[in-house]
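Please treat every number below as a calculation from the coordinates, not as lab data. Predicted model, so just to flag it, every value in this text is computed and none were measured. Ideal geometry is used to build each Cβ from the backbone, glycine not excepted, and the neighbour counts take in all protein chains shown.
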Amino acid sequence: MVAGGQMEHGERAGHLDGDGAQPALRRRRRTGPGSKAASSAHWLGQLPYVLALCGVIGSLPMYATAHFRKGSALLAAGVLFGALARLVLPESQVGMLAVRKKWLDVLTAVALAVAVAVVAWVVPGD
């Protein structure tokens, strides 16, 4: 630093100045949503994902109690609900259901749900 606070050629701001003192670093804090309305809107945006997840989680006790077809039907219904929600809701309201492009998300979920339903239909038992 040159007298008068001007920088010499090659000096960069934020580094040690002539007397060896380092300027204080300040971190900017992230601020959360400004109001409760914004946080509840964020939570409601996750609702389709939570409902689809409930269908998937609800199928697990059915599998555990040897109700393979009923569990598979509930699993397929949960995934189809997620696909339907992804198809009809805007990006701001689908939450974690939005992974890729809309058409690819819907196609993948429907294919998975149909595959699970077909396997449940074809496998003997229950």
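List of remarks:
- Close amide H contacts of A98 (hydrogens built in the peptide plane, cut-off under 5 Å, sequence separation of 5 or more or a different chain): none are found.
- Tensor-based shape of segment 59-122 (alpha-carbon gyration tensor, a/c under 1.5 rounded, otherwise prolate or oblate): prolate
- Formal net charge of residues neighbouring M96 (Cβ-Cβ distance under 15 Å; K, R +1; D, E -1): +1
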